[in-house]
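All remarks here apply to the structure that follows.
Coordinate-derived values only; no laboratory data. Keep in mind that this is a model prediction, so the values were computed, not measured. Backbone-built Cβ (ideal geometry, glycine too); neighbour counts: all protein chains shown.
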Amino acid sequence: MKVAMVSPYDFAWPGGVNAHVSQLSDELRQRGHAVTVIAPGTPGRGSGESGARDNFIPMGRSVPLSAGGSTARVTLSCWLWPRVRQFMARERFDLVHVHEPMAPLLPLMFLHHSNAVNIGTFHAFSDGQRLYRWSRFALKTWHGRLHGRIAVSEAARSFVAPHFPHRAYRVIPNGIDFQRFADASPLPELRDGRKNVLFVGRKDERKGLRYLLEAFAILLESRRDLRLIIVGPGRPDRVCASWLDTVTSAGNDMVRVAGPVSDSDLPRYYASADVFCSPATGGESFGIVLLEAMAAGVPVVASDIDGYRDVVNHARNGLLAPPREPAAIAGAIASVLDNPDLGHRLSEAGKDVARLHRWQRVASEVEDYYKLCMEEVHHGGYAR
């Protein structure tokens, strides 16, 4: 099968959707499919995703757009229109898989010019409804060109389905490279007797790092055996930077800001952690970082929000704490650190959940859905 895998987001910048696109494409290639990834690409930055170095076509420069406490880099270049038309006429794909199909601007162009079977994966979730409420009528034509629709979680499905009804959405979750995280060894310098609390993510407001820093300050009032490790790109905002100054002033090596790390080092940071915390405030459709931590055998503390509840079953495979409540976050972290039996139980249950999301399993679901959609289109219908 010849597949075009289209992302609206600049592949030179790391992110959850692009990681999904890259890793799914790699798995499908291993199954014998010819997969070409198309996405915007910033000249001179290379590729932010390891799977994008081969069979990757950059299309369009990106511009940053801010929404919902996060920043997305998409292309708004209408000059790509004839290039996409010529590319599609030349390549003659069997299937076009667009991610965030209603996002500007590249997915809409591919849907318009596609004569193939079109699949869309919806990744987004927001606590508000303005995104699709304001744009659904303008986007209705492009949405109607989709022969199949995938949502990465129930949260993502519930976000998009009311605005584009009368079609079925298949929930197929994000995947992870389970073994890469399960087999990782700790970084020796981080196994010095301190208890490591790990955060992985951008320093966007939506990821809630400031609330973890506040929680960490609370924990330091009664214990000095902790270290907070912060992994991920971006610069903290003013409030976050202020709390970072507060906790770093508590003593040497209490906080380590690692910044963005390599694909090979990321699993080792998870393996070095005693507890993983994701204090996101909302707008999460899923929790890839939660699954990565679970695969590495790390007990998880996360915000009790839509998307994360699709991954974490409270007190079974992780702990959920109310978002934006540092005292509750601190209490959940302390519960894991002070109760080894609880930590072990959460760790073992988490591994079982992560194993269900390994790419071999998820890609099989996607591949089966491709075949179903192609059969339905052949018979003049849409997949259910």
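Taking the Cα-to-Cβ direction at Ile218 and at Ser242 and moving 7 Å from each Cα, how far apart do the two end points lie in nm?
1.9 nm
Given the pairs Lys207/Lys351; Lys203/Lys371; Lys203/Lys351; Lys140/Lys351; Lys140/Lys371, which span a C-alpha to C-alpha distance of over 31 angstrom in this model?
Distance filter (> 31 Å) returns Lys203/Lys371; Lys140/Lys351.
Between Arg145 and Asp338, what is 0.36 nm times their sequence separation minus the Cα-Cα distance? Round to one decimal in nm.
On the way: separation 193, 0.36 × 193 = 69.48 nm, distance 5.39 nm.
Value of the extension gain: 64.1 nm.
Regarding the range 78-206, what whole-number volume in Å³ per residue does the convex hull of its Cα atoms give?
194 Å³
Most fluctuating residue of Ala296, Ala161, Ala12 in a GNM of the chain with Cα springs under 10 Å: which is it?
Highest fluctuation of the listed residues: Ala161.
Go ahead and set up a Gaussian network model of the chain, Cα springs under 10 Å, then flag whichever of Arg202, Arg316, Arg355 fluctuates most.
Residue with maximal mean-square fluctuation among Arg202, Arg316, Arg355: Arg316.
Report the calculated FRET efficiency for Asp94 and Asn313 (r = Cβ-Cβ distance, R0 = 56 Å), to the nearest 0.05.
Computed FRET efficiency for Asp94 and Asn313: 0.90.
If amide hydrogens are placed 1.01 Å from N in the peptide plane, which non-local residues have theirs closer than 5 Å to the one on Val35?
Under 5 Å from the amide H of Val35: Val3.
Find the centroid of the Cα atoms in the range 159-181 and in the range 308-356, then give the distance between the two in whole Å.
That distance is 23 Å.
Enumerate the amide H contacts of Asn118 below 5 Å, restricted to partners 5 or more residues apart or on another chain; note that Pro and chain-start residues carry no placed amide H.
Result for Asn118 returns Val96, His147, Gly148.
How many nm separate the modelled label positions at Gln30 and Glu189, each set 7 Å beyond the Cα in the direction of the Cβ?
Here the modelled spin labels are 3.2 nm apart.
Quick one: putting +1 on the C-beta of Lys and Arg, -1 on the C-beta of Asp and Glu, what dipole do you get for the range 178-356 around its Cα centre, in Debye to the nearest 20?
Magnitude of the dipole: close to 160 debye.
Counting other beta carbons within 10 Å of each Cβ, put Thr248, Thr121, Thr281 in order, fewest first.
Exposure proxy ranking, most exposed first: Thr248, Thr281, Thr121.
Quick one: if you stick a label point 7 Å off each Cα along the C-beta vector at Glu348 and Leu76, how many nm between them?
5.4 nm
So what's the back-of-envelope 222 nm ellipticity for the chain, counting only DSSP H runs of four-plus at -39500 (n - 2.57) apiece and dividing by all residues, rounded to 500? Write down the numbers at each step before the final one.
Working: 13 runs with 148 residues, N = 384.
That calculation yields -12000 deg cm²/dmol at 222 nm.
What is the fewest-to-most order of Ser264, Ser285 by other Cβ atoms lying within 10 Å of their Cβ?
Details: Ser264 10, Ser285 27.
Exposure proxy ranking, most exposed first: Ser264, Ser285.
For each of Leu220, Leu226, Leu290, count neighbouring Cβ atoms within 10 Å of the residue's Cβ, then give the residues from fewest to most. It would help to have the intermediate numbers written out before the result.
On the way: Leu220 19, Leu226 22, Leu290 30.
So the residues, fewest neighbours to most, are Leu220, Leu226, Leu290.
Against the longest alpha carbon principal axis of the chain, how many degrees, from 0 to 90 and to the nearest 10, is the axis of helix 326-338 turned?
70 degrees
Non-local amide H neighbours of Leu65 (under 5 Å, H modeled in plane, Pro and chain starts lacking H): which ones?
Ala72, Arg73, Val74
Give a residue-ordered list of calculated ³J(HN,Hα) values for the range 14-30 (Karplus: 6.51 cos²θ - 1.76 cosθ + 1.60, θ = phi - 60°; whole Hz; x for Gly, Pro).
Each residue's phi maps through the Karplus curve to give x, x, x, 5, 5, 4, 4, 4, 5, 6, 5, 4, 4, 5, 5, 4, 5 Hz.
Considering only DSSP beta bridges where both residues belong to the chain, give the percentage that are antiparallel (nearest 5).
Expressed as a percentage, antiparallel bridges in the chain total about 10.
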